[in-house]
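So the structure is just underneath, and the comments pick up after that.
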Amino acid sequence: MTADLASASPRTSPAPRRTARRTARRARRADWIAVVSTFVVVVGGWEAVVRIADISSIVLPPPSLIVGKLYDGLVHGTFVKNLGYTMAETVLGFAIAAFLGIVLGALVAEIRWIRRAVYPYIVAFQTVPKIALAPLLVIWFGFGMTSKVIVAVTVAFFPVIVNTIEGLQNTDHQRIDMIRAMGAGRFEAFRRVKLPSALPYIFAGLDAAIVLSLLGAVVGEFMGSRAGLGNQILIFNSVLDIAGSFAVLILLSIIGFLLHLLLVMVQKKVVFWTNVHAVSSGA
Amino acid sequence: MRTAASEPAQAGQRHDEQLISIRGATLAYPTASGDPVQALNPIDLDIRAEAFVSLVGPSGCGKSTLLKILAGLLHQSEGEVTLDGRPLTGPSPNVGVVFQQPVLLPWLTILNNVLLPIRVQKRNVDEYRQRAMDLLAMVGLEGFESRYPSELSGGMQQRVGIVRALVPDPQILLMDEPFGALDALTREQLNDDLQTIWAEQRKTVFFITHSIPEAVYLSDRVLVMSERPGRVIADFEVDIPRPRSLEDVSLPEFVELTGRIRRLLNAKGGID
Ligand SMILES: Nc1ncnc2c1ncn2[C@@H]1O[C@H](COP(=O)(O)OP(=O)(O)OP(=O)(O)O)[C@@H](O)[C@H]1O
Ligand SMILES: [Mg+2]
């Protein structure tokens, strides 16, 4: 089998392939150099301006101070505990939003009377700034974790459902004809053609949702909570420890980026047949 | 196999051995603007079992539309279509379709793509795996079973589409310009393969093509369709003995028949 495959594939001479690979590697290295240079210039400039102009660290702390705070917070302080708390809210909120978004999206896309009854509301709610519901949700569901998870679900749910509907409705008509001609009923067509065809869209929605879920959790914590990184920022702010606030902010950014990266990795595994980055974030 | 309420074939009226029977079928596509597009004028057509029938006609005349009606994907606006004496109400596992584009699923390997109808029809996959491998080998795709469609050329993908229609061994094969995207050499080879499959497995083939020589070479009958809204304006019998070989294209009967069809189409505004 392996031998067959090898003999069947056209042999390209190794020389041009190697040059192509080398060129690609060089281009990637150039990208990295550009990114790192920007970082060095911005952070270095920030540090220099703060020191030269002697700006008070209550207004704008220098990067060196922020990094120190970050290290302290992680090693000696409460960052790790609060991080765990916020992550739990984020992941839980994301999971619920993903599940509800995909299941309800499928129902809306596939069942006509549900679509008629519900779709206009989804479109209308899409433009409502859901995050503004956070104060209300905290009053309704208390200062514990529940209210934060609900805020996270509220903001993360819409991109998932909107993209799921969009993806399912955009399935190539020829594919549906193809599977129907084989005698597939609606469920078979959904399972074997529509859902896989919609996956690139669904992942675009999930990608937006995971970052929004983190946002929801932190904003929920701002509205009143006993723990979490949002709570940590409030505490630092109340004692004018701006460097501390910045440190938490950096931590949040790193987490957001890592969550996004994780999702892209899963997407590349699941939707391996396409590298097209699909459509609207719906956020 | 069909679950549709089956009316008994109208006694006496049933033409002996007519597998497919179309009576006054028309089709109008609804459009957003409200004015429906009349794609087919009344079509009357009988196809007997095991016949190889080709359909040629200008682009946009309604060939694919007629094929989709036979595939059970579209329902005629008026008239009646029967398959084996029973009104056609939807797709049948007894009909295999090869579309104008290969329409493979990019997340399935080649083998799983061609086994898709077996899975959809809830048949036993193990019983068909060897047949699938043999058919892939027959069209020159041995060793590509575990590749993905994106790793294949357009022509190779089209061959996979043909194999997929053949794997469940349907009685009727509907083919919509299956070789349109292929180079001349591959096309000739596949024409030969198709002739062999047809001769060995006794399938009824309804074959749409843009190539008049291809239609004549393969068929028992060549139907010619008018411009949209399409109707069948001519029905030629091809009497060249089988099995046919590539040399037969220079036979006087062959040249004469292709010439007549071409003149007919040119008079009607030409093919394409
Ligand atoms: N879904 C549709 N909605 C509206 N009009 C359609 C639709 N599909 C096809 N038509 C119209 O019906 C006519 C016949 O289309 P059809 O695809 O059957 O042509 P065809 O003979 O197969 O052409 P070609 O040789 O180019 O494949 C065309 O004029 C086309 O514009
Ligand atoms: Mg067509």
- prompt: Give me the pairs: first residue in the range B:50-72 and more than 14 Å from chain A (Cβ to nearest Cβ) and touching a residue at least 40 places away in the same chain (Cβ under 8 Å), second residue within 10 Å of ligand 2 (Cβ to nearest atom) and part of a helix (DSSP H, G or I), beta-carbon distance under 6 Å, and six or more apart or on different chains, which are they?
  reply: B:Leu55/B:Lys63; B:Gly57/B:Lys63
task: Kindly indicate the residue of the range B:73-101 that is open to solvent by 20 Å² or more (accessible area, probe 1.4 Å) and at positive phi and also nearest to the other protein chains (Cβ to nearest Cβ) among those meeting that condition.
output: B:Asp84
field: Scan of the range A:174-186 for residues that are at pLDDT 95 or above and more than 7 Å from chain B (Cβ to nearest Cβ), ordered by number
entry: A:Ile176
message: Between B:Phe207, B:Phe254, B:Phe179, which is open to solvent by less than 80 Å² (accessible area, probe 1.4 Å) and in a strand (DSSP E or B)?
response: B:Phe207
- prompt: Are any residues in the range B:187-216 within 16 Å of ligand 2 (Cβ to nearest atom), more than 12 Å from the chain's Cα centre (by Cα) and of a type in the set (Gly, Ala, Ser), and if so, which ones?
  reply: B:Ser211
statement: Turns out the helices (runs of 4 or more DSSP H) fully within the range B:55-161 with at least 3 residues that are away from ligand 2 (no atom under 16 Å from the Cβ) and within 21 Å of the chain's Cα centre (by Cα) are B:116-120, B:125-138
A:Ile210 vs. criteria free of Cβ contacts under 8 Å to residues at least 40 places away in the same chain, open to solvent by 10 Å² or more (accessible area, probe 1.4 Å) and of a type in the set (A, V, I, L, M): no
message: Would you confirm whether or not the range B:12-25 contains a residue that is modelled with pLDDT of 90 or more, surrounded by 15 or more Cβ atoms within 10 Å (Cβ to Cβ) and within 16 Å of ligand 2 (Cβ to nearest atom)?
response: no
For A:Glu89: the one exception among (1) acidic (Asp, Glu); (2) more than 16 Å from A:Glu221 (Cβ to Cβ); (3) open to solvent by less than 40 Å² (accessible area, probe 1.4 Å): (2)
query: Inside the range A:187-198, can you point out the residues that are within 9 Å of chain B (Cβ to nearest Cβ) and open to solvent by 40 Å² or more (accessible area, probe 1.4 Å)?
result: A:Arg192
Any hit, the range B:219-235, residues being within 16 Å of ligand 1 (Cβ to nearest atom) and part of a helix (DSSP H, G or I): no
- request: Would you check which residues across the range B:219-230 are away from ligand 2 (no atom under 16 Å from the Cβ) and out of contact with any helix residue (DSSP H, G or I) (no Cβ under 6 Å at 6 or more places or on another chain) and list them?
  value: B:Ser219, B:Asp220, B:Arg221
message: Condition check: crowded, with 18+ Cβ neighbours inside 10 Å, at pLDDT 95 or above, away from ligand 1 (no atom under 11 Å from the Cβ) and within 19 Å of B:Asp176 (Cα to Cα). Does B:Leu55 satisfy that?
response: no
- prompt: What is the one condition in (1) in contact (Cβ under 8 Å) with a residue 40 or more places away in the chain; (2) surrounded by fewer than 21 Cβ atoms within 10 Å (Cβ to Cβ); (3) more than 13 Å from every other protein chain (Cβ to nearest Cβ); (4) in contact with a helix residue (DSSP H, G or I) (Cβ under 7 Å, 6 or more places away or on another chain) that B:Val125 does not satisfy?
  reply: (1)
- request: Tell me, yes or no, whether the range A:243-250 has at least one residue that is over 30 Å from A:Leu168 (Cβ atoms), within 20 Å of the chain's Cα centre (by Cα) and crowded, with 20+ Cβ neighbours inside 10 Å.
  value: yes
- request: Go over the candidates A:Gly105, A:Gly101, A:Gly93 one by one and state the one that is assigned to a helix (DSSP H, G or I), touching a Pro at 6+ places or on another chain (Cβ under 8 Å) and modelled with pLDDT of 95 or more.
  value: A:Gly101
message: Suppose the filter is within 29 Å of B:Gly90 (Cα to Cα), of a type outside the set (Lys, Arg), at pLDDT 95 or above and under 30 Å from the mean Cα position of the chain (by Cα); does A:Leu195 pass it?
response: yes
statement: Exactly one of B:Leu190, B:Leu104, B:Leu116, B:Leu185 is out of contact with any strand residue (DSSP E or B) (no Cβ under 7 Å at 6 or more places or on another chain), more than 14 Å from chain A (Cβ to nearest Cβ) and surrounded by 19 or more Cβ atoms within 10 Å (Cβ to Cβ), and that residue is B:Leu190
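The values are calculated or read from the model by the stated rules, or taken from the named source; none is laboratory data. None of the values given here were measured: they were computed from a predicted structure. When we count neighbours, we look across all protein chains shown, and the Cβ atoms used for this are built from the backbone with ideal geometry, even at glycine. Only protein heavy atoms, including side chains, enter the accessible area calculation; ligands, DNA and RNA are left aside. Shrake-Rupley method; radii C 1.70, N 1.55, O 1.52, S 1.80 Å.
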